[in-house]
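What follows is a single structure, written as structure tokens, with notes after it.
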Amino acid sequence: MNQTPAPPEPHYNPIFERLVNVDQPMAENLSGMIAYCLYKIAKREWATDFFQRNGRKPNETELDEYLRTWTTTRIAGAEKEADAVLLDFAGSVVDENTPRIREDALRGTFWGSVWTSCLAAFLYTVFLIGAAVILKSAGIDLLSIVQSVRSG
């Protein structure tokens, strides 16, 4: 029986799973994905600095040592920084679009509101007249009730 050896278990970086929950929708993972990018930037800076100091690329052991420096506190810091990046981005989008948003909000608002108010007043009046007619046909005289309340 010819058995081929099982392929070695892939060596991967567990930081991704610590920052990004793949079971959640992408939109809810955006902050984690940004935090992972911040991690990768820091790792690249570390590797570049390592190369400049040692004249060679870091080996697997040295990379694993770097990975262990990413403690829970450091992960939480990357997550907070990612949230700040998202908040800053959202603010810049709002700032860039504020004139257009204001313009869209004010365009046609006055006359649209006037017509909406007139229609609402008309429908309310029709409702009141209809209620008065129904009450009158049921033998209830609203005017006499109102006059008796006033005089009483």
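The values are calculated or read from the model by the stated rules, or taken from the named source; none is laboratory data. Just so it is clear, the model here is predicted, and its values are computed rather than measured. Neighbour counts are summed over all protein chains in view; Cβ atoms, including those assigned to glycine, are modelled from backbone coordinates with ideal geometry.
Below, the figures for the structure above:
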quantity	calculated
Every residue from the stretch 66-82 that is assigned to a helix (DSSP H, G or I) and not β-branched (V, I, T)	Y66, L67, R68, R74, A76, G77, A78, E79, K80, E81, A82
Top-ranked residue in the stretch 18-49 [being farther than 17 Å from T69 by Cβ and of a type in the set (D, E, K, R); ranked as farthest from the chain's Cα centre (by Cα)]	D23
Qualifying positions in the stretch 53-65 - within 41 Å of the chain's Cα centre (by Cα) and in a helix (DSSP H, G or I)	E60, T61, E62, L63, D64, E65
Some residue of the stretch 112-119 being more than 35 Å from the chain's Cα centre (by Cα) and either of a type in the set (F, W, Y) or in a helix (DSSP H, G or I) (or both)	yes
Check on V85, exposed (fewer than 10 other Cβ atoms within 10 Å of the Cβ), assigned to a helix (DSSP H, G or I) and β-branched (V, I, T)	no
Which listed residue is surrounded by 10 or more Cβ atoms within 10 Å (Cβ to Cβ) and assigned by TED's automatic domain parsing to the domain that holds L30, from A90, A121	A90
Test: residue in the stretch 49-56 that is on the phi > 0 side of the Ramachandran plot and either assigned by TED's automatic domain parsing to the domain that holds Y36 or among the acidic types (D, E) (or both)	yes
Matching residues, the stretch 48-70, being under 16 Å from N13 (Cβ atoms) and surrounded by 12 or more Cβ atoms within 10 Å (Cβ to Cβ)	P58, E62, L63, D64, Y66, L67, W70
